[in-house]
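Everything on this sheet refers to the single structure shown next.
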Amino acid sequence: MADGGWIKVYRKIRQSFVWTDANQLKLWLLILMKANHAPSKFLFNGQEVSVTSGELVTGAHALAFEMNDGVRRDNQVSWRQVWRWVKKFENSGMLTIKSNTKYSVISISKWCDYQDNDNQVSIKRQSSVNQVSTNKKEEKEKNEKKEDSQHSRKREYADDSPEMIEAVYLWEKIKGNNPEHRKPNLQSWADDVRKMNELDHRPFEKIHKMIDWCQRDGFWSTNILSAAKLRSKYDTMAAQANSKWQSRNRPINPKTAQPAWADPNYQSPDAKPTDLATKQRLAEQMAKLRENREKRKESTR
């Protein structure tokens with residue numbers, strides 16, 4: 001069955017029982033649309049099957065799948081109900097069914113009387129000619145739009161452009177980690193660098209630093225292997241880089257911005273009690289340290 005084309009639906013269908021139920025009407029139209037308009041052969045589960053016009057090879061599950069395609073779950077119809085309706089169509093003389101263990105062949109009754117006649121063939125032939133002409137025109141317009149779009153997006157980056165410089169720099173870093181890595185399309189990489197700069201508002205200096213960081217990192221150096229990947233993972237890597245920097249540079253006592261042991265009131269958790277003389281000596285040493293620090297500050301002003 002082809003996806004294109006058309007079928008006839010006669011007005012007298014309104015006098016049939018299928019007209020009173022939306023799902024049965026949908027199923028009947030689906031069967032008409034799936035029927036072959038000409039004899040054909042095809043493979044079904046590895047077996048060659050021959051059908052003539054007005055016939056289709058299907059099954060309960062296949063019909064139910066197409067019936068429910070795009071339908072909300074609570075409105076879907078079970079395959080058992082679908083097949084009961086098909087049997088009802090058969091009992092009403094609308095079609096016949098020949099089944100085996102693998103598939104069923106449905107033959108629509110009076111198919112040739114309603115779907116195939118001279119008038120239809122003539123109309124179909126004229127429609128095909130018009131359709132071919134329309135398709136060619138549409139395809140031509142589509143190709144022209146595609147060429148215009150590609151032309152408008154196509155950019156050439158000079159070797160000394162900042163975009164190409166960063167693209168080459170990333171490639172050199174990747175090649176340094178893996179000399180066997182294949183050479184990329186540097187023009188495409190340069191365009192990704194441009195997008196990082198123009199669309200993501202990232203200065204070239206930061207892009208350069210991020211290339212350095214990711215290609216030194218044990219994890220990201222094996223994952224950032226293109227400018228596009230650098231762009232997509234930039235925020236994630238920036239967050240990790242900032243976190244690692246802060247963990248290395250964060251003071252132990254953030255309130256005083258100095259190591260906790262330098263606090264005058266610091267008490268080691270495992271410190272032993274000291275006598276009065278020792279306390280006085282330590283206090284004098286701390287006072288001397290503070291005095292020297294103040295002198296250094298004065299000398300640098």
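The values are calculated or read from the model by the stated rules, or taken from the named source; none is laboratory data. All figures in this text were calculated on a predicted structure; none of them were measured in a lab. In this analysis, Cβ positions are derived from the backbone assuming ideal geometry, glycine residues included, and neighbour counts consider all displayed protein chains.
Overview of results
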| item | result |
| --- | --- |
| Residue within segment 139-153 that is in a helix (DSSP H, G or I), modelled with pLDDT of 85 or more and closer than 30 Å to W6 by Cα present | no |
| Qualifying positions in segment 225-249 - in contact (Cβ under 8 Å) with a residue 24 or more places away in the chain and outside any helix (DSSP H, G or I) | L225, S226 |
| Residue selected from segment 34-88 under the condition within 17 Å of N100 (Cβ to Cβ) and aromatic (F, W, Y), by the criterion surrounded by the most Cβ atoms within 10 Å (Cβ to Cβ) | W83 |
| Residues of segment 174-196 that turn out to be assigned to a helix (DSSP H, G or I) and farther than 15 Å from A238 by Cβ, as a count | 14 |
| Residue satisfying condition, being touching a residue at least 60 places away in the same chain (Cβ under 8 Å), under 21 Å from D113 (Cα atoms) and under 36 Å from the mean Cα position of the chain (by Cα), within set I7, I31 | I31 |
| Among the candidates S188, S226, residue that is hydroxyl-bearing (S, T, Y) and over 26 Å from K244 (Cβ atoms) | S188 |
| Some residue of segment 205-215 being more than 17 Å from V168 (Cα to Cα), surrounded by 13 or more Cβ atoms within 10 Å (Cβ to Cβ) and in the same structural domain as L170 (by TED's automatic domain parsing) | no |
